[in-house]
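The values are calculated or read from the model by the stated rules, or taken from the named source; none is laboratory data. Only a predicted model underlies this, so the values are computations on that prediction, with no experimental measurement involved. Quick reminder, even Gly has a Cβ in these numbers, built from the backbone with ideal geometry, and neighbours come from all protein chains shown.
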Amino acid sequence: APEASAETTQLTYSIFFPASHGQAKAGEDWAREIEKRTNGRVKINVLAGGTLTPADQCFDGVVKGISDIGMSVFAYTRGRFPLMEALDLPLGYPNGRTATRVANEFFKKFNPKELEGVKVLYIHAHGPGLLHTKAPVATLEQLKGMKIRSTGLSAKIVTALGAVPVAMPQGQTYESLQKGVVEGTFAPIETLKGWKQAEVVKSTTDSSGIGYTTAMFVVMNLQKWKTLPADVQKIMEEASGQWIDVHGKAWDDLDEEGRKYTLSLGNKFVSLSEAENGRWKKAVRPIIDDYIKEVSAKGLPAQQALKDLEGLIVQYGKQYK
Amino acid sequence: MVQFHRGIVLVSQGFNVVSGAAVITMMILTCADVVLRLLRNPIPGTYEIVGFLGTVIISFSLASTSLEKGHIAVEILVERLPKRLQIAIETVVSLIGAVLFGLIAWQCAAYAADMRHSGEVSLTLAMPIHPFIYGIALGSGLLSMVLLTECLRSAIRTVKS
Amino acid sequence: MTPVTVGLLGFAVLVALMFARIPVGFVMAIVGFLGFGLLTSWSASLNLIARDFFSVFSSYGLTVIPLFIFMGQIAHHTGISGRLFNAANKIMGHLPGGLAIATIGACAGFSAICGSTSATAATMAAVALPEMKKYRYDPSLATGVVAAGGSLGILIPPSTIFIVYGIMTEQSVGKLFMAGVLPGICLTVLFILSIVVWVRLRPGLCVRAPKATLRERIASLSGVIETFILFVLVMGGLFIGFFTPTEAAGVGAFGTLAIALIGRNLSWKSFITSLNETTRISCMILVIVAGATVFGHFLAVTTIPAGIGSWVSGLRLPPYLIIGIIIIIYLLLGCLMDSLAMIMLTIPVFYPVVTALGYDPIWFGVVIVLVAEMGVITPPIGINVYVVAGVARDVPLQVIFRGVLRMMIALFLTALLLIAFPQIALFLPGLMK
Ligand code: NA
Ligand code: NA
């Protein structure tokens, strides 16, 4: 490799998605774009698949300088981001572009204290998490008592809907569905392709009325950020702003691929009737109320956050059909 | 010195009992969860508790494993050297190990304090995570002490021989 | 110094320190810590070791190790495995290397429930090594067989490596699992053949038992009952979907304990000994894995793995030569790295090269698993060998490595067969829809 010249800044970028995942590719493209726009004054070494920091240590790893930049999931470190957690509630996100845009607007408005230690480049979030099962589910009665793979927040949703949450790593879900250790999973539809789970489920219930999302950050070490020249900072901020929609669209494309893939395997989609949709919404409402109560108690504007989120989802839901 | 060493050995053995108890707990918890899940009523948080028990098993057996020379090393070269040189090498090697695990203990304690401050909790049970990291700090600290006493003992032997 | 120079220097220091009798896990942590510090910052490196040790020690997937070891220890200390091997000895002990062959069979069987090589090696070491020792098998033969046989854990499904590969390359995990079946059987047979040849060439390696009468053989079968019940419990439960492979470790340990208690074979002393051995061996393995993780993170920032990848992708050579070079690179990297880390770092670079050459992705997955299997037994960082050394404490590492290298021939032959006849891997997945 050629010796790095004095004014070249080398940055490492830890991404928890495997390199083949569409979101890792979007992140990689962002890195290449920065290199291009800075005429090579910034070099970014992208390490995907959690090869530098595992998903749940990615944020902390950026704070401590293990990697300079990191992309991972807020929800993997429960309690660390109390206000950003609001984004993941089952608010009925229609698609990934809406969820991603809402997440960024939400961050801009509240600028939560929990993210003060880093430079937030941008945020993205997946399309609605849906229910995928081995036996079709069209009503709460059919779901009752079913063992559903879920962790953290999705486990709360599973419980609220009357099913049984079973936690396990995403990597073990395939086999567990195959053997029947679990009878379903809660995840965005792209998971059916990305993690091959379409091979071992039969049906997807369009529960987007209670569609939750998982917000993900792209953040940079603050000290490192401050050492960058002003024009490089500007280039990075501009590119980041443009990449919000790149990721949002990537999520929707991945969901579309997941949908096609699961249909190609002969799996079915089940839609919920109007009345049933209302019942599901009602069932998960206590999760949202609990959140407001819990986080308000910490002195954070949870009530306002939820109100704004609901407004943003309607607003951007219209824009991104 | 001898009494100090004996004390360290006793503490290490005590720690190892905790480690063994964690193995049994992990086994019973897993089986109970499997059986209760068949009845559609699994134990919430089994997944994360099992992981945390893993840290207890390993960190609390670090010292006793070292006392039993359980950490595998490549013997092929050193065993051919003269006895005296072997003991000298042993002294340096123990010191290096003691420094390494001293660092790990220190950093884990700092990490645990950080974790506590950040308010991060486990995903399902919302259980604090930092006690388990303190556990690694404790186990590594004890291992560091074990290696330090071994370093001193072989240093004394080097001088005597 | 460029990152690549620091990386190469790191390798050299790693090997040198290892020969100074510093425990293997410690060495990797030290070199990883120093190298990472040099390339980033010391404060980042200090933070890194704490986080890596915590994430390895608390890893859910690795908890199978203590539980499977406990199962093996109980089976050994209560005589369950002794009675099993007595039967094996009566039935095939008069054959050259009969018990070693039985051990390979047992490894293959155990691989069908366990997706990790180190857990397979640890369990089989606890079960089979004391028995082969009792029947005066040469230590190099006995340990080599267990360490190499344990590597079947990732070829015969389930397999952690296939799952990781499938996700990284967007291939069907189900097809990959199916693709591993025939090569797994093929490798099992070749392992057995290498034992037969090895023992033929050096008959002094094992003592052949006198041929037992039919009556003796039938009588010895009663010793198999306990193992058979366990097998049905664990395999049946997995098959019906009562539990996951990770949970199977807990169920298996509990089942073994229950059988020992019911048979009144379990004394308090052997219970405590089993537990102490379990914590000691698990601790040793997990410290090595933690050290390898720190070292792997150092390697990741040296950019060496990615650099090698882009070098290969730029080569203008016939496809089979490129595949050959890739296999050799994996072998070299496998000598120095943990298999999983190696795959995570290199697949993104090699996979597009291989598929562009027109090779089948499923087939390449099987090739990757084969090289990963070699990686876990090649010196100096061969995790399976350390696992076996942890159980067979009277056998020096180099003796185990010597034994293992003889068994490697079977792995090489399987790889060659796979290259010559890709259908071995692709036939079964082709039957799936
Ligand atoms: Na297996
Ligand atoms: Na190796």
> Of the residues in segment C:90-137, how many are assigned to a loop (DSSP other than H, G, I, E, B) and surrounded by fewer than 22 Cβ atoms within 10 Å (Cβ to Cβ)?
Replying inline: 6
>> Among the residues that make up segment C:200-223, is at least one of them touching a residue at least 12 places away in the same chain (Cβ under 8 Å), surrounded by 13 or more Cβ atoms within 10 Å (Cβ to Cβ) and within 16 Å of ligand 1 (Cβ to nearest atom)?
In response: no
> Which condition number in (1) within 13 Å of chain C (Cβ to nearest Cβ); (2) farther than 28 Å from C:Trp42 by Cα; (3) in contact with a helix residue (DSSP H, G or I) (Cβ under 6 Å, 6 or more places away or on another chain) is the one that A:Asp88 fails?
Replying inline: (1)
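Given the options C:Leu332, C:Leu340, name the one that is within 13 Å of ligand 2 (Cβ to nearest atom), assigned to a helix (DSSP H, G or I), within 13 Å of another protein chain (Cβ to nearest Cβ) and surrounded by fewer than 24 Cβ atoms within 10 Å (Cβ to Cβ). Lay out the reasoning, then the answer.
Numbers: C:Leu332 fails: within 13 Å of another protein chain (Cβ to nearest Cβ).
Being within 13 Å of ligand 2 (Cβ to nearest atom), assigned to a helix (DSSP H, G or I), within 13 Å of another protein chain (Cβ to nearest Cβ) and surrounded by fewer than 24 Cβ atoms within 10 Å (Cβ to Cβ) holds for just one of C:Leu332, C:Leu340, which is C:Leu340.
Listed here are the residues, each with its yes/no results for (1) more than 26 Å from the chain's Cα centre (by Cα); (2) modelled with pLDDT under 90; (3) within 14 Å of chain B (Cβ to nearest Cβ).
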site	(1), (2), (3)
C:Leu9	yes, no, no
C:Ala50	yes, no, yes
C:Thr63	no, yes, yes
C:Ile69	no, yes, yes
C:Gly98	no, yes, no
C:Cys107	no, yes, no
>> Restricting to segment A:28-59, and then to whatever is more than 14 Å from chain C (Cβ to nearest Cβ) and in a loop (DSSP other than H, G, I, E, B), can you tell me which residue is surrounded by the fewest Cβ atoms within 10 Å (Cβ to Cβ)?
In response: A:Asn39
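From the residues in segment C:147-182 that are among the polar types (S, T, N, Q) and in a helix (DSSP H, G or I), which one is nearest to ligand 2 (Cβ to nearest atom)?
Within segment C:147-182, the subset among the polar types (S, T, N, Q) is C:151, C:159-160, C:169, C:171-172.
With in a helix (DSSP H, G or I) added as a condition, the list becomes C:151, C:160, C:169.
Details: C:Ser151: 11, C:Thr160: 17, C:Thr169: 23 Å.
Selected residue: C:Ser151.
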>> I'm told C:Phe421 meets every condition in (1) surrounded by fewer than 22 Cβ atoms within 10 Å (Cβ to Cβ); (2) aromatic (Phe, Trp, Tyr); (3) under 24 Å from C:Ile163 (Cβ atoms) except one. Can you identify the failing condition by its number?
In response: (3)
> Which residues, counting only those in segment C:109-146, are within 16 Å of ligand 1 (Cβ to nearest atom), among the β-branched types (Val, Ile, Thr) and more than 14 Å from every other protein chain (Cβ to nearest Cβ)?
Replying inline: C:Thr117, C:Thr120, C:Thr123, C:Val146
> Can you name the condition, by its number, that C:Ser116 falls short on among (1) under 16 Å from C:Thr244 (Cα atoms); (2) more than 16 Å from ligand 2 (Cβ to nearest atom); (3) under 15 Å from the mean Cα position of the chain (by Cα)?
Replying inline: (2)
> Taking segment A:139-181 as the search range and keeping residues that are more than 9 Å from every other protein chain (Cβ to nearest Cβ) and β-branched (Val, Ile, Thr), which one is farthest from the chain's Cα centre (by Cα)?
Replying inline: A:Thr139
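Does at least one position in segment B:94-106 carry a residue that is closer than 20 Å to B:Ile49 by Cβ and facing chain C (nearest Cβ under 9 Å)?
Let us first name the residues in segment B:94-106 that are closer than 20 Å to B:Ile49 by Cβ, namely none.
Within segment B:94-106, not a single residue is closer than 20 Å to B:Ile49 by Cβ and facing chain C (nearest Cβ under 9 Å).
Could you identify the single residue in C:Gly241, C:Gly237 that is over 13 Å from C:Ile113 (Cβ atoms) and free of Cβ contacts under 8 Å to residues at least 40 places away in the same chain?
Working: C:Gly237 fails: over 13 Å from C:Ile113 (Cβ atoms).
Selected residue: C:Gly241, the only one of C:Gly241, C:Gly237 that is over 13 Å from C:Ile113 (Cβ atoms) and free of Cβ contacts under 8 Å to residues at least 40 places away in the same chain.
Of all the helices (runs of 4 or more DSSP H) wholly in segment C:183-279, which have at least 1 residues that are aromatic (Phe, Trp, Tyr) and under 30 Å from C:Gly365 (Cα atoms)? Walk me through how you get there before you give the answer.
Working: elements: C:214-220, C:225-240, C:245-262.
Qualifying helices (runs of 4 or more DSSP H): C:225-240.
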>> Condition first: in contact with an Asp or Glu (Cβ under 9 Å, 6 or more places away or on another chain) and over 24 Å from A:Tyr320 (Cα atoms). Now tell me which residues in segment A:120-144 satisfy that.
In response: A:Thr133, A:Lys134, A:Ala135, A:Ala138, A:Thr139, A:Leu140
> Which condition number in (1) part of a helix (DSSP H, G or I); (2) over 17 Å from the mean Cα position of the chain (by Cα); (3) among the β-branched types (Val, Ile, Thr); (4) at the interface with chain C (Cβ under 7 Å from one of its Cβ atoms) is the one that B:Ile76 fails?
Replying inline: (1)
> For residues in segment A:182-199 being more than 7 Å from chain C (Cβ to nearest Cβ) and farther than 17 Å from A:Glu256 by Cβ, which is surrounded by the most Cβ atoms within 10 Å (Cβ to Cβ)?
Replying inline: A:Thr185
> Which of the residues belonging to segment A:116-138 are under 26 Å from A:Thr98 (Cα atoms), within 14 Å of chain B (Cβ to nearest Cβ) and assigned to a loop (DSSP other than H, G, I, E, B)?
Replying inline: A:Glu116
>> When you scan segment A:68-82, do you find a residue that is within 12 Å of chain C (Cβ to nearest Cβ), among the hydrophobic types (A, V, I, L, M, F, W, C) and either buried (at least 20 other Cβ atoms within 10 Å of the Cβ) or under 18 Å from C:Ala44 (Cβ atoms) (or both), even just one?
In response: no
>> Condition (residue is within 11 Å of chain B (Cβ to nearest Cβ), over 13 Å from C:Ile80 (Cβ atoms) and crowded, with 20+ Cβ neighbours inside 10 Å) applied to segment C:259-275: is it met by at least one residue?
In response: yes
>> Being buried (at least 19 other Cβ atoms within 10 Å of the Cβ) and under 18 Å from the mean Cα position of the chain (by Cα) is the filter here; which residues of segment B:110-124 pass it?
In response: B:Tyr111, B:Ala112
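Is it the case, given these coordinates, that B:Gly54 is without any contact (Cβ under 8 Å) to a residue 60 or more places away in the chain, out of contact with any helix residue (DSSP H, G or I) (no Cβ under 6 Å at 6 or more places or on another chain) and farther than 23 Å from B:Ser161 by Cβ?
No.
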>> Going by what's in this entry, would A:Ala160 be described as modelled with pLDDT of 95 or more, at negative phi and surrounded by fewer than 23 Cβ atoms within 10 Å (Cβ to Cβ)?
In response: yes
> Does C:Ala292 count as of a type in the set (Gly, Ala, Ser), closer than 30 Å to C:Leu34 by Cα and at the interface with another protein chain (Cβ under 9 Å from one of its Cβ atoms)?
Replying inline: no
> Are any residues in segment B:107-153 in a helix (DSSP H, G or I), within 12 Å of chain C (Cβ to nearest Cβ) and of a type in the set (Gly, Ala, Ser), and if so, which ones?
Replying inline: B:Ala109, B:Ala110, B:Ala112, B:Ala113, B:Gly135, B:Ala137, B:Gly139, B:Ser140, B:Ser144
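In the list C:Val369, C:Val399, C:Val385, which residue meets the criterion of being more than 16 Å from ligand 1 (Cβ to nearest atom) and buried (at least 22 other Cβ atoms within 10 Å of the Cβ)? Step through it out loud before you land on a result.
On the way: C:Val369 fails: more than 16 Å from ligand 1 (Cβ to nearest atom); C:Val399 fails: buried (at least 22 other Cβ atoms within 10 Å of the Cβ).
Exactly one of C:Val369, C:Val399, C:Val385 is more than 16 Å from ligand 1 (Cβ to nearest atom) and buried (at least 22 other Cβ atoms within 10 Å of the Cβ), namely C:Val385.
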>> Quick check on my filter: what residues within segment C:362-399 are within 14 Å of chain B (Cβ to nearest Cβ) and away from ligand 2 (no atom under 13 Å from the Cβ)?
In response: C:Val388, C:Ala389, C:Gly390, C:Val391, C:Ala392, C:Arg393, C:Asp394, C:Val395, C:Pro396, C:Gln398, C:Val399
> Name the residues in segment C:246-258 that are at the interface with another protein chain (Cβ under 7 Å from one of its Cβ atoms) and not β-branched (Val, Ile, Thr), would you?
Replying inline: C:Glu247, C:Gly250, C:Ala253, C:Phe254
